[in-house]
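The values are calculated or read from the model by the stated rules, or taken from the named source; none is laboratory data. Note that this is a predicted model, so its numbers are computed, not measured. When we count neighbours, we look across all protein chains shown, and the Cβ atoms used for this are built from the backbone with ideal geometry, even at glycine. Heavy atoms of the whole protein, side chains included, go into the accessibility calculation; ligands, DNA and RNA do not. Shrake-Rupley method; radii C 1.70, N 1.55, O 1.52, S 1.80 Å.
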Amino acid sequence: QGHARVDRVEPGAVRLADGTRLPAGAVVVGVGARPATAWLAGSGVELGAHGEVLADDRLRTSVPDVYAVGDCASFPSARYGERLLVHHWDNALQGPRTVAADILGETPAAYDPVPYFWSEQFGRFVQYAGHHTAGDRMVWRGDPAGPSWTVCWLCEDRLVALLAVGRPRDLAQGRRLIEAGRTMDADALADPARPLKNATAG
């Protein structure tokens, strides 16, 4: 039901604005976020399609000596081949290092972190690292009906993202493998008893 508006949620169903009733055992509501950057209008700081500040790979804006850090700014990611707008606290934590190095004239490495967030949902520790798209191959590690499992996404056999539920070791090892751009053996990756770091190809 693309672009359909929800009128209300009822017991066991979602009612759409056109009167259609969709049976639903569970409903997930994604609220989303928008950068509060309207105050920058006319400043010369270039904004993107989502209202975010367009920063370069050193987090510099279109105005000299002005930087943007955190979830108000997008940056070009060489790792993922697209501009990323990351609304997670870890992004705001990492950016200042790059900005400080650039201000001090230290020629910092390009800002291209592996996005990361965590949450606790219904007593389960949920962690996500990386960035995946619909075209990436999905590989399960463990039973999603069980208490702990991981799902990994591969692009041309490279690990690009993973979601770990109750498997913090998978997340820690996976994040390092994403940073290193390692290619994976999908069959070995699917074995939840095998450490992620031992599921690389070659």
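One chain, two ends: residue 191 and residue 28. Fully extended at 0.36 nm per residue, the span grows by 55.7 nm beyond their Cα-Cα distance. Only Cα pairs under 8 Å and 6+ residues apart enter the sum, and on that basis the relative contact order of the chain stands at 10 percent.
Using only alpha-carbon positions in segment 25-126, the gyration tensor eigenvalues give semi-axes of 27, 18, 11 Å once each is multiplied by 5 and square-rooted (largest first).
Reported to the nearest whole Å, the Cα centre-to-centre distance from segment 156-200 to segment 45-62 is 32. Shown in residue order for segment 129-142 are the 3J(HN,Hα) couplings computed by the Karplus curve 6.51 cos²θ - 1.76 cosθ + 1.60 at θ = phi - 60°: 9, x, 7, 10, 10, 4, x, 6, 6, 9, 10, 8, 10, x Hz (x for Gly and Pro). Here r is the Cβ-Cβ distance between residue 5 and residue 39 and R0 is 35 Å; the resulting FRET efficiency, rounded to 0.05, is 0.70. Entry comment: accessible area of segment 1-126 is 65 Å² per residue, from protein heavy atoms only and a probe of 1.4 Å. According to the square roots a ≥ b ≥ c of the eigenvalues of the Cα gyration tensor, what is the shape class of segment 157-202, taking rounded for a/c under 1.5, prolate for a/b larger than b/c otherwise, and oblate for the remainder? It is oblate, given that a/c is not under 1.5 and a/b is not larger than b/c. Take the Cα of residue 90, step 7 Å toward its Cβ, do the same at residue 133, and the gap between the two points is 2.1 nm. So, R0 is 30 Å and r is the distance between the beta-carbons of residue 62 and residue 172; what FRET efficiency does that work out to, to 0.05? After rounding, the FRET efficiency stands at 0.20. How would the chain be classified by its alpha-carbon gyration tensor: rounded, prolate or oblate, with rounded meaning a/c under 1.5 and the a/b versus b/c comparison settling the rest? Oblate, because a/c is 1.5 or more while a/b does not exceed b/c.
Rolling a 1.4 Å probe across all protein chains gives residue 125 an accessible area of roughly 80 Å². For the pair residue 125 and residue 78, label points projected 7 Å from Cα toward Cβ lie 3.3 nm apart. Across 143, 18, 191, the residue with the most accessible area heads the list, and the full order at a 1.4 Å probe is 18, 143, 191. Contact order for segment 9-78, expressed relative to its length and based on alpha carbon pairs under 8 Å spaced 6+ residues apart, stands at 20 percent.
With a Förster radius of 25 Å applied to the beta-carbon distance between residue 140 and residue 100, the computed FRET efficiency rounds to 0.05. Based on C-alpha pairs under 8 angstrom that are at least 6 apart in sequence, segment 34-118 has a relative contact order of 24 percent.
Taken about its Cα centre, the chain carries a charge dipole of roughly 500 debye when the Cβ of each Lys and Arg holds +1 and the Cβ of each Asp and Glu holds -1. Surface calculation, 1.4 Å probe, protein heavy atoms: residue 80 sits at approximately 40 Å² accessible.
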